[in-house]
Amino acid sequence: MEYPNISGAWLSKTGKLVYIITQLEDKFVWRVVHEKGVTETGIGWFKDPHNVEAQWNFHGGKLGKGIKTCTGEIAKDMKQILWKDGDHFMKRIPNR
């Protein structure tokens with residue numbers, strides 16, 4: 001199965017955080033540094049070419065919040081990931 005390439009920089013819905021996503025086949029990781037310097041890391045996988053699931057730590061930049069899990073849909077134009085928790089990522093730099 002072929003999966004879209006989501007590697008690159010993505011902005012949070014507020015536009016204040018930059019998530020760096022690195023993808024390998026049907027899996028991906030992200031890293032973001034919150035305003036107070038807390039690093040959040042996430043891992044995810046494609047459920048199919050248009051839907052993803054991810055788990056991450058340090059939700060909201062606060063230590064000790066635990067692991068969160070959410071599913072999301074990749075927009076057809078590949079410019080957004082719409083997460084079921086109400087957040088979304090907006091593509092910042094096109095894939096090269």
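The values are calculated or read from the model by the stated rules, or taken from the named source; none is laboratory data. Please read these numbers as outputs of a predicted model, since none were measured by experiment. Quick reminder, even Gly has a Cβ in these numbers, built from the backbone with ideal geometry, and neighbours come from all protein chains shown.
Is it the case that some residue within region 63-71 is of a type in the set (Ser, Thr, Tyr), in contact (Cβ under 8 Å) with a residue 24 or more places away in the chain and not in a strand (DSSP E or B)? Among the residues of region 63-71, not one is of a type in the set (Ser, Thr, Tyr), in contact (Cβ under 8 Å) with a residue 24 or more places away in the chain and not in a strand (DSSP E or B), which makes the answer no. Quick one: in region 65-86, which of the residues that are within 18 Å of residue 49 (Cβ to Cβ) and of a type in the set (Asp, Glu) is modelled with the highest pLDDT? Looking at residues that are within 18 Å of residue 49 (Cβ to Cβ) and of a type in the set (Asp, Glu), I get 73.
Report, by residue number, each residue of region 22-50 that is surrounded by 14 or more Cβ atoms within 10 Å (Cβ to Cβ) and more than 18 Å from residue 67 (Cα to Cα). 23, 26, 46, listed by residue number.
Just the residues that are in a strand (DSSP E or B) and either touching a Gly at 6+ places or on another chain (Cβ under 6 Å) or closer than 15 Å to residue 83 by Cα (or both), please, taken from region 22-47.
28, 30, 42, 43, 44, 45, 46, 47
Every condition in (1) at pLDDT below 95; (2) part of a strand (DSSP E or B) holds for residue 10 except the one numbered (1). Checked against the criterion of being touching a Leu at 6+ places or on another chain (Cβ under 8 Å) and at pLDDT 90 or above, region 24-32 contains one or more residues that satisfy it.
In this structure, is residue 95 at pLDDT below 90 and under 17 Å from residue 8 (Cα atoms)? Answer is yes for this residue.
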